[in-house]
Amino acid sequence: MKKSSFSALLVAGVIAGGLVTVNQAFAYGAGDIYTRVGIAKVAPKDSNGSLADGTIDVDVKNELGLAFTLGYRFHDKLGVELLAALPFEHEIDLDAAGTDINASTKHLPPTLTLQYYPLGGTDARVQPYLGAGINYTRFSDEEIGIDGAELELDSSWGAAGLIGVDLLINDNWALNAAAWYLDIDTDASLGGNDLGTVNIDPIVVMGGISYRF
Ligand code: NI
């Protein structure tokens, strides 16, 4: 989705919210199929480890992108949700004994979580949720600023945690904020030689809208 259509969707949601009466109760629970769309910031943890027996320090930079989810509530208080996104491209700074080397990679971090909604099935318009699940991250287009060298980052499976909240506007729309913790560790190799493990372990923070069908 283009940024302009995203803004239009957001404005439409807010306008729709202004038109409903304040005391209306909204069904929020079992049977809901929902999508959440927003701008996500992927912030890798501060220290991403070192490679080649500690001689290269790794710093994976933050990145912004569009993320979206698809979820289903099979119980008033329980749901499953898949986080998807367009590929994020991260700059990676490598520091080899004072010499800076630039690298980069793209990655897709689909994440599936089981979610608990403590206020699901009630009239509450503020609906927080917690989740836990699994992340799979695939890296592509790895590049490194060394002539002729080929950087490769292996795919990663890891645990995921999630916290979020929907602020209900009406039966369909809500404002949403959510944050995931993803355990992403990838084995790096250069020209086929093992370099070690990069710990990316990002927090993904998304702000946007929820829509329930
Ligand atoms: Ni980790």
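The values are calculated or read from the model by the stated rules, or taken from the named source; none is laboratory data. Since this is a predicted model, take the numbers as computed values, not measurements. Glycine also receives a Cβ, built like all others from the backbone with ideal geometry; neighbour counts cover every protein chain displayed.
Some points to look at:
- Residue check: residue 169 meets all listed conditions (1) over 19 Å from the mean Cα position of the chain (by Cα); (2) touching a residue at least 60 places away in the same chain (Cβ under 8 Å); (3) over 30 Å from residue 28 (Cβ atoms) but one, namely (3).
- Pair list, Cβ under 9 Å, 6 or more apart: the stretch 184-213 residue without any contact (Cβ under 8 Å) to a residue 40 or more places away in the chain and hydroxyl-bearing (Ser, Thr, Tyr), other residue in a loop (DSSP other than H, G, I, E, B) and away from the ligand (no atom under 16 Å from the Cβ): 189/150
- Residue within the stretch 156-164 that is over 30 Å from residue 26 (Cβ atoms), surrounded by fewer than 16 Cβ atoms within 10 Å (Cβ to Cβ) and within 12 Å of the ligand (Cβ to nearest atom) present: yes
- Residue that is modelled with the lowest pLDDT, among those in the stretch 44-102 that are outside any strand (DSSP E or B) and of a type in the set (Ser, Thr, Tyr): 47
- Boolean, residue 168 is away from the ligand (no atom under 14 Å from the Cβ), surrounded by 17 or more Cβ atoms within 10 Å (Cβ to Cβ) and over 15 Å from residue 71 (Cα atoms): yes
- All of 112, 119, 130 fail the test of being of a type in the set (A, V, I, L, M, F, W, C), over 23 Å from residue 43 (Cβ atoms) and either assigned to a loop (DSSP other than H, G, I, E, B) or in contact (Cβ under 8 Å) with a residue 12 or more places away in the chain (or both), apart from 119.
- Check on residue 111, among the hydroxyl-bearing types (Ser, Thr, Tyr), touching a His at 6+ places or on another chain (Cβ under 7 Å) and surrounded by 15 or more Cβ atoms within 10 Å (Cβ to Cβ): no
- Positions within the stretch 178-204 being surrounded by 19 or more Cβ atoms within 10 Å (Cβ to Cβ), of a type in the set (Gly, Ala, Ser) and within 16 Å of the ligand (Cβ to nearest atom), in sequence order: 188
- Taking the numbered list (1) within 16 Å of the ligand (Cβ to nearest atom); (2) under 30 Å from residue 29 (Cβ atoms); (3) surrounded by 15 or more Cβ atoms within 10 Å (Cβ to Cβ) in turn, residue 153 passes all entries but (2).
- Residue satisfying all of: in the stretch 79-98; without any contact (Cβ under 8 Å) to a residue 40 or more places away in the chain and among the small types (Gly, Ala, Ser); nearest to residue 134 (Cα to Cα) among these: 84
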